[in-house]
Each structure stands twice: as C-alpha cells, then as structure tokens.
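The values are calculated or read from the model by the stated rules, or taken from the named source; none is laboratory data. Quantities reported herein were computed from a predicted structural model and do not represent experimental measurements. Neighbour counts run over all protein chains shown; Cβ positions are idealised from the backbone, glycine included.
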Amino acid sequence: MPEPTTPTSLLIAPLPQLAVLRFDGADATDFLQGQLTQDLKTLAPNEARLAAYCTAKGRMLATLVIWRVHGAEPATYEALVSADLADALAKRLRMFVLRAKVGITRSPRAVAGAWRLAEAPGLPAAWQVADDADGVTWIGAPAAPQAAARGWRIGAADAPAVGEAAADAWLAQQIEAGLPWVDTAVQELLTPQMANLDLIGGVSFTKGCYPGQEVVARAHYRGKQKRRALLGRAAPDAGAAPAQDVYDARQPGGEPIGRVINAAATAQATVLLFEAPFEAAQTAQLRLGTPDGPAIALEPLPYALDPA
C-alpha cells in the first residue's frame, strides 16, 4: 500500500459530525461479531468495512466504518459513527458485554475528510487503511465516478482545514457515492436494505447471529427489495434534512412516499439520499417536504440498484 499523503498534498476539512469508538479486550472480535451486520472474522489487517447495528426488528440504530487497529493484540477495533449517537451507542453496547472481556470507549481522535490534489500521490484505495509516522490513520473512502480520490483522516484535531464549506462538499460527495450514514434523525427508520447496505458490502449473509438478523436475512432471501436508497438533486436552497418526507406531486393529498436519509447543500445544488419505493420513484414527480415543495430530480448511483 502506498504511504499516505501528507497534509500539504491534500485538502482537509474537519468532520465534527463523526466520532470514533474504540473496542478492545480479548473478546472484542467475538463480541462485535455478535452485534454487527459485518463479518469481522474475515476482516483483513489493512481493511475497513461498512457495518450496521440494528434493533431486534432489523431497524438500524447506527452505521459504522470499522477497522482493526494496526499492531494491537489482542485484536482492537476502531469505528467511525455519527457523533450525535456515539455516546448512546457505546452505552447500549456495554449493556450486552456481560462477562466478556471487552472495553468500549469514545476515542479523543478527531475525524476529517481529505481530498487528493491532482498532482499528489494517492490516498489508500477505497476501504483500505494505512497509518502514517505521525500516528494518523487514513482510510480510503468510496467516491463517485470522475470525483477526486477521498479519504477519512483520523488523528489529532490540528490538521489544516479548508473551512466549513469544504465539509458540506465532502458530505455531498459522500452522498453522490451512495454511502448512507445513520444519525439520530433516522435511527430505527431504515433496514439495511432500505439504505442499500446489502449492495455496498455492509451486510454479511453467511455469518452468525446478530440483533435483527432474522428480519434482514428474510428480506434478502425473499428476493425482492421494494424500497431502496435513491440519489436526488434539488435547488441549493431546498432546505433538505434527514428524516424529511418526500412526496409525489401527482398525489397532492396523499401520504409521503419516502424520507431523506442524508442531505448536503453546496452552491450548485442540494444532493440527497432518500429511501422510497424503487419502481414508483422512477415515474413520480418527486417533491421535498410537501406535495408542492422543491422538486427532486433522480440521479444515477455509482452502483446497480437491483429491485428484484
């Protein structure tokens, strides 16, 4: 793997909406294996993976990007989660530790988003992990086609930044890459399939039990996912926010057909991931917030959405 680029060759933007949880102890792997949708027993040393933590009904309480800490024995893990739910998530997980030898703490390390400059050496490839000599962890993030290489920087909070606007641009590019992120606004509203986690490597259907597995597996083997996360674009001042309703203008007195998962506004547009019935959304006159709200134009995601 190439050596991570230095901050001088990257654009860096703080991402205070993300936090880092740390899991250590002799039983950390087995404990997480029984809690998350991801199969950590097949996780490579320099690999990160997407995962979800669900209720018994298969609704997501959190999404995580999780990796194994380099050189730590017994196996130790760190995970990116939404900052607004990090403490509650850690508290909930501790309830199930019982006699297992597992520590769950919130790390003081800060998270930032990084963009590679055109002339700079590469960041780690998507979902690959590298540590530099300063103790900073770099994780390659998925990117939309034609977009600049991106990554997460996990380390000290004193990285050079390009300002708040860049954080909005980072989130917009995350949305365009089709990567959903669960925060408190959408907790327990989505199954992994409704957020496309099964399409982007966030769910293992071959591992052992975890909360909600029966529901998630039954939906998978039923063979037809009616609701999916879709990519939309609206005016820059549309005011989209997580959990906001999405309507079909052809049904002015009807119920919403979906809801926003993530949204970000830039000077050019508001981009949003929203869940809705896959087939109905293809012909709907999509509106944000109300049946006569801002128009939403469907955009293609960088991976196939297979409703069958």
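Laid out as a table, the results:
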item: A234 being more than 20 Å from the chain's Cα centre (by Cα), surrounded by 16 or more Cβ atoms within 10 Å (Cβ to Cβ) and either acidic (D, E) or over 30 Å from D30 (Cα atoms) (or both); result: yes
item: Evaluation of P256 against (1) within 24 Å of L64 (Cβ to Cβ); (2) without any contact (Cβ under 8 Å) to a residue 12 or more places away in the chain (one fails), failing number; result: (1)
item: Checklist (1) in contact with a Pro (Cβ under 6 Å, 6 or more places away or on another chain); (2) at pLDDT below 95; (3) surrounded by 21 or more Cβ atoms within 10 Å (Cβ to Cβ) applied to A52, failing item; result: (2)
item: Qualifying position, being of a type in the set (A, V, I, L, M), in a loop (DSSP other than H, G, I, E, B) and either surrounded by 15 or more Cβ atoms within 10 Å (Cβ to Cβ) or in the same structural domain as G201 (by TED's automatic domain parsing) (or both), among A75, A62, A79, A90; result: A75
item: Search result, residues across region 17-57 that are under 10 Å from W67 (Cα atoms) and among the small types (G, A, S); result: A44, A48
item: Residue check, L85 crowded, with 21+ Cβ neighbours inside 10 Å, assigned by TED's automatic domain parsing to the domain that holds W138 and out of contact with any Pro (no Cβ under 7 Å at 6 or more places or on another chain); result: no
item: Any chance P145 is modelled with pLDDT under 90 and under 23 Å from G202 (Cβ atoms); result: yes
item: Members of region 259-290 found to be closer than 17 Å to L189 by Cα and without any contact (Cβ under 8 Å) to a residue 24 or more places away in the chain, listed by number; result: none
item: Residue count for region 199-218, restricted to those that are surrounded by 16 or more Cβ atoms within 10 Å (Cβ to Cβ), hydrophobic (A, V, I, L, M, F, W, C) and not in a loop (DSSP other than H, G, I, E, B); result: 3
item: Any hit, region 95-106, residues being part of a helix (DSSP H, G or I) and of a type in the set (A, V, I, L, M, F, W, C); result: no
item: Condition check for T37: under 24 Å from D183 (Cα atoms) and of a type in the set (V, I, T); result: yes
item: Residue in region 219-231 that is nearest to the chain's Cα centre (by Cα), counting only those that are within 16 Å of L190 (Cβ to Cβ) and not in a loop (DSSP other than H, G, I, E, B); result: A229
item: Options A243, A264, A249; residue that is crowded, with 20+ Cβ neighbours inside 10 Å and hydrophobic (A, V, I, L, M, F, W, C); result: A264
item: Pairs where the first residue, in region 46-58, is under 26 Å from A141 (Cβ atoms) and the second is aromatic (F, W, Y) and outside any loop (DSSP other than H, G, I, E, B), C-beta under 9 Å, 6+ apart; result: N46/W67; E47/W67; A48/W67; A48/W152; R49/W67
